[in-house]
Amino acid sequence: MDLELRGKVAVVTGASVGIGREIAKALAFEGVQTAVVARRANLLATLREEIERAGGPRPLALPIDLYGPDTAPRIRDAALSAYGRVDILINNAGGSRTIPWDSPDAAWDESFSLNFTAVRRTTQALLPGMIERRWGRILCVTGSAEPSTVNAAVAAKAGVHAWAKGLSREIGRHGITINCLAPGRIHSEQIDMRLHPTPESQAEFARNIPLGYFGDPSDVAFFAAFLCSPKARYITGERIHVDGGLHRSV
Ligand SMILES: NC(=O)c1ccc[n+]([C@@H]2O[C@H](COP(=O)([O-])OP(=O)(O)OC[C@H]3O[C@@H](n4cnc5c(N)ncnc54)[C@H](OP(=O)(O)O)[C@@H]3O)[C@@H](O)[C@H]2O)c1
């Protein structure tokens with residue numbers, strides 16, 4: 001199936017490793033020009049080489065820390081000066097933050113800054129151009145809405161779910177969709193090195209997953225590419241799980 005993505009322009013945040021890196025590659029291999037954002041410039045450089053070696057369009061590497069106050073206009077201006085427009089935004093940078101319930105404000109503010117505010121600000125910076133051209137795709141990589149303990153990322157991402165739903169109702173008439181893609185347990189740096197660092201802890205958790213195993217970033221990336229394509233024009237305001245059946249809500 002031709003996803004009709006060739007020639008589109010995408011900004012992908014959190015593209016140095018994991019799910020974001022795989023989404024950037026999936027889009028590039030469909031012919032999308034990408035601007036890839038993360039802090040580690042060396043990993044963005046290897047991503048650029050990987051995409052170019054495979055015949056994809058050379059990405060624009062933007063080594064930017066999303067905690068900064070002026071990052072959204074910097075990303076917009078860099079992408080616009082390289083490509084002239086942005087059609088697709090993948091808000092992927094983020095991460096789990098299991099914290100004690102009585103953590104100080106600083107811990108909550110750190111998580112909300114990355115997992116909510118950076119998502120909102122980057123979207124707000126890029127939306128006017130999409131509205132002007134009457135086409136756009138925004139995808140927020142969020143996560144579970146079923147916390148098993150206090151997690152400052154789940155709270156922030158619940159905010160993204162509610163915000164994105166409201167926004168979908170305002171921007172739909174401009175030909176723009178916004179959806180949330182909620183991974184379950186996908187092999188990545190944070191999962192394999194921080195949350196489940198041993199094969200035993202992965203095997204134990206996998207018993208909760210109906211399909212019985214952790215997913216790979218490509219399991220998320222292929223679906224993300226579809227959701228960003230013209231073919232997905234009638235899907236908006238959704239939270240869609242890619243989790244091997246892990247979530248229990250219907
Ligand atoms: N993997 C899963 O099973 C899973 C489950 C639920 C939700 N998710 C969500 O999926 C998304 C991707 O997760 P992942 O598992 O692929 O995570 P990961 O392997 O930890 O990658 C996170 C990405 O975000 C970037 N990032 C983090 N902080 C940043 C900052 N301040 N400024 C710019 N970039 C920043 C990292 O790049 P640098 O470190 O180079 O900056 C990296 O590219 C996250 O939003 C996460 O919450 C993942």
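Along the positive direction of the dipole of the chain (beta-carbon charges: Lys, Arg +1; Asp, Glu -1; about the Cα centre), which of GLY14, ALA145, LEU89 reaches farthest?
Sorting the options by dipole projection puts first LEU89.
In Å, what Rg and Dmax follow from the Cα atoms of region 1-139?
15.4, 50
As a footprinting exposure proxy, order LEU126, LEU80 by other Cβ within 10 Å, with the fewest listed first.
The order, fewest Cβ neighbours first, is LEU80, LEU126.
Which net charge results for the neighbourhood of ALA28, defined as the other residues with beta-carbon distances under 15 angstrom from its beta-carbon, given Lys and Arg at +1 and Asp and Glu at -1?
Result for the neighbourhood of ALA28: +1.
Of all beta bridges DSSP finds with both residues in the chain, what is the antiparallel percent, to the nearest 5?
5 percent
Compute the relative contact order of the chain as a whole-number percentage, counting only Cα pairs closer than 8 Å that sit 6 or more residues apart in sequence.
Here the relative contact order equals 21 percent.
For a footprinting-style exposure proxy, rank TRP101, TRP108 by other Cβ within 10 Å, fewest first.
So the ranking, lowest neighbour count to highest, is TRP101, TRP108.
Could you work out [θ]222 nm for the chain from helices alone, using -39500 (n - 2.57) per DSSP H run of at least four and dividing by all its residues? Round to the nearest 500 deg cm²/dmol.
-12500 deg cm²/dmol
P(r) tail for region 126-250, what percent of Cα pairs lie past 20 Å?
So the portion of pairs separated by more than 20 Å is 49 percent.
Once the Cα atoms of helix 41-53 and of the chain are each reduced to a long axis, what angle between those two axes, in degrees from 0 to 90 to the nearest 10, is obtained?
60 degrees
Would you work out the charge dipole size for the chain about its Cα centre, treating the Cβ of every Lys and Arg as +1 and the Cβ of every Asp and Glu as -1, and quote it to the nearest 20 debye?
820 debye
Within a Cβ distance under 15 Å of PRO217, other residues only, what is the Lys/Arg minus Asp/Glu net charge?
-4
Give me LEU27, LEU47, LEU127 ranked fewest to most by other Cβ atoms within 10 Å of their Cβ, as a rough exposure proxy.
Exposure proxy ranking, most exposed first: LEU127, LEU47, LEU27.
Run the Debye formula on the Cα coordinates of the chain, all scatterers equal and no solvent, and tell me log10 I(q)/I(0) at q = 0.13, 0.14 1/Å.
Cα-only, vacuum Debye calculation for the chain: -0.78, -0.91.
Could you grab the relative contact order for region 143-213? Cα pairs under 8 Å, six or more apart, rounded to a whole percent.
This gives 23 percent for region 143-213.
Read-outs: derived from the displayed coordinates by stated rules, not from any lab. Predicted, not measured: the structure shown is a model, and the values here were computed from it. Here the Cβ is made from the backbone with ideal geometry for all residues, glycine too, and neighbour counts use every protein chain on show.
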